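Engineer: Dropping the structure in here first, questions after.
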Amino acid sequence: ETQVVFIHAAVGDVNQSDVMMAGTSQALLIAYNVGVVPSAKQALSQSKIEFIDKKVIYHVLEKVEAIITGMIDIRYDDVDIGIAKVKAIFYTGKNNSMMIVGLGVETGKVEPRAKVRVIRGDRKVGSGEVANLKKGPLDVIEALEGEECGINFKGDVKIEEGDVLEFYKLVQRK
């Protein structure tokens, strides 16, 4: 859900403090039918602020709409990164809120914050996320094919020994 919030509105030419405010709040700066003072022009040229300067209100609205729909229309693809078999369950939190699970990585790799599909038999029984990843007592950034690891699993299902976990990432479509 996209929110549009106005942080400042004023009458008159765009000045340097307007540019600074837009920059610090990562906001869109819109100038409708007004000028831009020279110091503000210089500050804008050195910034990454999205600046809309139009004389016709319809053109401002078109540009804002394009930016907002661009934000909304971001698409993601699932990119599979690995498969692991559950070898042991070490801990299950209240209401299955968190599980510590021992794995053997069969293909690819496991990463922290990867999304997880839980497969039991030949069907998906739940999903979740890798909250953190360990090899022995150490936090690691990946566990590769053939290695054993432990994960903190946050999800909607109680994992069982023998389940297969499929790991994937959400990647923004170009």
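Engineer: With a sphere of radius 14 Å drawn around the Cβ of Y32, what net charge do the other residues whose Cβ falls strictly inside it have (Lys, Arg +1; Asp, Glu -1)?
Structural biologist: Net charge in that neighbourhood comes out at -1.
Engineer: Ok, one more. Counting only residues 5 or more places away or on other chains, whose amide H sits under 5 Å from the amide H of G82 once H atoms are built in the peptide plane?
Structural biologist: Distant-sequence amide H within range of G82: K109, F167.
Engineer: Show me 48-57, 114-123, 81-90 ranked by packing, highest mean number of other Cβ atoms within 10 Å first.
Structural biologist: 81-90, 114-123, 48-57
Engineer: Apply the Karplus parameterisation 6.51 cos²θ - 1.76 cosθ + 1.60, with θ equal to phi minus 60°, to every residue of segment 108-123 and state each ³J(HN,Hα) to the nearest whole Hz, in sequence, with x for glycine and proline.
Structural biologist: Each residue's phi maps through the Karplus curve to give x, 8, 10, 10, x, 6, 5, 7, 10, 9, 9, 10, 10, x, 10, 9 Hz.
Engineer: What does the C-alpha gyration tensor say about the overall shape of segment 99-174? Classify as rounded when a/c is under 1.5, otherwise prolate if a/b is larger than b/c, or oblate.
Structural biologist: Rounded, since a/c falls under 1.5.
Engineer: Let me ask you something else. Using Cα-Cα distances under 8 Å and only pairs 6 or more residues apart, what relative contact order does segment 13-74 have, in percent?
Structural biologist: 34
Engineer: While we're looking at this one, here's another question. When a/c reaches 1.5 or more, the comparison of a/b and b/c decides; with that in mind, is segment 30-174 rounded, prolate or oblate per its Cα gyration tensor?
Structural biologist: It comes out prolate by the Cα gyration axes.
Engineer: Give the Debye-formula value of log10 I(q)/I(0) at each listed q (0.14, 0.21, 0.23 Å⁻¹), with one equal scatterer per alpha carbon of segment 1-114, two decimals each.
Structural biologist: These q points yield log10 I(q)/I(0) values of -0.71, -1.20, -1.33.
Engineer: Let me ask something else about it. How much of the DSSP beta bridge set in the chain is antiparallel, as a percent to the nearest 5?
Structural biologist: Rounded to the nearest five, the antiparallel share is 90 percent.
Engineer: When Lys and Arg each count +1 and Asp and Glu each count -1, what net charge do the other residues less than 9 Å away from I119, Cβ to Cβ, add up to?
Structural biologist: Combined, the nearby Lys, Arg, Asp and Glu give +1.
Engineer: What is segment 18-62 by shape, rounded, prolate or oblate, if you read a ≥ b ≥ c off the alpha carbon gyration tensor as root eigenvalues and call it rounded for a/c under 1.5, prolate for a/b larger than b/c, and oblate otherwise?
Structural biologist: oblate
Engineer: Right, next: In whole percent, and with a 1.4 Å probe on the protein chains, what portion of the accessible area of the chain is carbon and sulfur?
Structural biologist: 52
Engineer: Right, another one. Compare the Cα positions of V37, I68, V86 along the charge dipole of the chain (+1 at Cβ of Lys, Arg; -1 at Cβ of Asp, Glu; about the Cα centre) and return the one farthest towards the positive end.
Structural biologist: V37
Engineer: Another question, if that's okay. Rolling a 1.4 angstrom probe over the protein heavy atoms, how many square angstrom per residue are accessible across segment 18-174?
Structural biologist: About 63 Å² of surface per residue is accessible.
Engineer: Could you give the size of the charge dipole of segment 1-112 about its Cα centre, using +1 on the Cβ of each K and R and -1 on the Cβ of each D and E, expressed in debye and rounded to the nearest 20?
Structural biologist: 280
Engineer: Let me ask another. Could you work out the relative contact order of the chain? I mean the mean sequence separation of Cα pairs under 8 Å and 6+ apart, divided by the number of residues, in percent.
Structural biologist: 21
Engineer: Here is a follow-up. Can you list the residues, at least 5 places off or on another chain, whose amide H is less than 5 Å from the amide H of E50, using H built in the peptide plane?
Structural biologist: Those lying under 5 Å, H to H, from E50 are L29.
The values are calculated or read from the model by the stated rules, or taken from the named source; none is laboratory data. Note that this is a predicted model, so its numbers are computed, not measured. Positions of Cβ are generated from backbone atoms using ideal geometry, with glycine treated the same way; all protein chains shown enter the neighbour counts. Keep in mind that these areas ignore ligands, DNA and RNA; they rest on the heavy atoms of the full protein, side chains included. Shrake-Rupley method; radii C 1.70, N 1.55, O 1.52, S 1.80 Å.
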